[in-house]
Amino acid sequence: MKEEFDVLNPNKAVSAAVFKYCRDRSVPLPDHISRHAAITERELGEDSEMMVSRLQAQYLLWTVRSLKAKKILEIGCFTGFSALAFAESLKDVEGAKIITLDINPETAKIARKAFKDAGVDHIVSLIVGPAKETLAGLVDEGPFDLVFLDADKEGYVGYYGIIMELGLLRKDGILIADNVLKRSLVVDASEANPHSSDKNACSRVPHLQEFNDLMATDKRVETFLLPVFDGLSLVRVL
Ligand SMILES: C[S@@+](CC[C@H](N)C(=O)[O-])C[C@H]1O[C@@H](n2cnc3c(N)ncnc32)[C@H](O)[C@@H]1O
């Protein structure tokens, strides 16, 4: 059997070309969303790396339409890039609703303006505060069809626990958890991994390992862990 890792990505140059090829042949991101990513990159510099990639935003947009999801909960809004992709899928859908959470009031201000400028502020609600506390008050808003988990990695296990305990995700609803491989450090944090010198990323590893092990063993869900982007878990409620 072939090794899957070097079939598509034999080296960095080919890999970059592959990603561009995929972007150009996937459902496009509307210009205003790409522009918002560029503004975030320009204004927030290195912090803008917190956004999902453009290809991942295309994937999220496509997924929402394919699942026919109407109610989405996002944990980790930042400047609203991924939420804009969700909103693009849902802007003409009756009864659509996106609730997105973040602890940072500064980036929330940028996100709110982006939602207003895009004309989607009627379907997107941004709640500022620690997600753990906010989640506890969302029972009446649920259950959601899709949850996108993209906030502090230390919190993933706790957020998952609250979501399941409060029934915030419906049966057959999907939780998409981002960065679950964290630069592959979750699997290999030895010197063989060039990211092993990133102490910040390494500190997240035990929390993500606990989350991934829980997703693999919790009988209430079925999980598919994709080695794409920074590691993406697709978790379906049984
Ligand atoms: C990776 S970014 C989200 C990126 C966003 N999904 C996108 O693609 O544009 C993670 C966000 O989680 C937020 N965050 C961190 N800890 C949090 C907490 N305890 N409660 C809520 N949000 C939190 C951060 O402020 C940050 O904006």
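The values are calculated or read from the model by the stated rules, or taken from the named source; none is laboratory data. Because the structure is predicted, anything quoted here is derived from the model rather than measured. Here Cβ is always computed from backbone atoms with ideal geometry, including for glycine, and neighbour counts include all displayed protein chains.
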Test TYR160 against the stated conditions and say whether it is away from the ligand (no atom under 13 Å from the Cβ) and closer than 17 Å to LEU234 by Cα. yes
Within region 25-44, is there a residue that is within 19 Å of the chain's Cα centre (by Cα), hydroxyl-bearing (Ser, Thr, Tyr) and either closer than 19 Å to ALA114 by Cα or in a helix (DSSP H, G or I) (or both)? yes
With the structure loaded, tell me whether ILE103 is crowded, with 23+ Cβ neighbours inside 10 Å and in contact (Cβ under 8 Å) with a residue 12 or more places away in the chain or whether it fails that test. no
Which of the residues that make up region 64-92 are more than 8 Å from the ligand (Cβ to nearest atom) and either assigned to a loop (DSSP other than H, G, I, E, B) or β-branched (Val, Ile, Thr) (or both)? VAL64, LYS68, ALA69, LYS70, ILE72, LYS91, ASP92
Hey, GLU49 hits all of (1) of a type in the set (D, E, K, R); (2) over 19 Å from TYR159 (Cα atoms); (3) assigned to a strand (DSSP E or B) but one; which does it fall short on? (3)
Return yes when LYS171 is within 16 Å of the ligand (Cβ to nearest atom) and in contact (Cβ under 8 Å) with a residue 12 or more places away in the chain and no when it is not. no
Between ALA114, ALA83, ALA118, which is in contact with a Cys (Cβ under 6 Å, 6 or more places away or on another chain), closer than 20 Å to PRO28 by Cβ and modelled with pLDDT of 95 or more? ALA83
Step by step: first the residues of region 115-137, then only those that are away from the ligand (no atom under 12 Å from the Cβ) and touching a strand residue (DSSP E or B) at 6+ places or on another chain (Cβ under 7 Å), then the one that is farthest from TRP62 (Cα to Cα). Which residue is that? SER125
Of all residues in region 93-119, which are in contact with a His (Cβ under 6 Å, 6 or more places away or on another chain), assigned to a loop (DSSP other than H, G, I, E, B) and farther than 20 Å from LYS70 by Cα? none
A careful count of residues in region 137-150 that are crowded, with 22+ Cβ neighbours inside 10 Å and more than 16 Å from ASN212 (Cβ to Cβ) gives 4
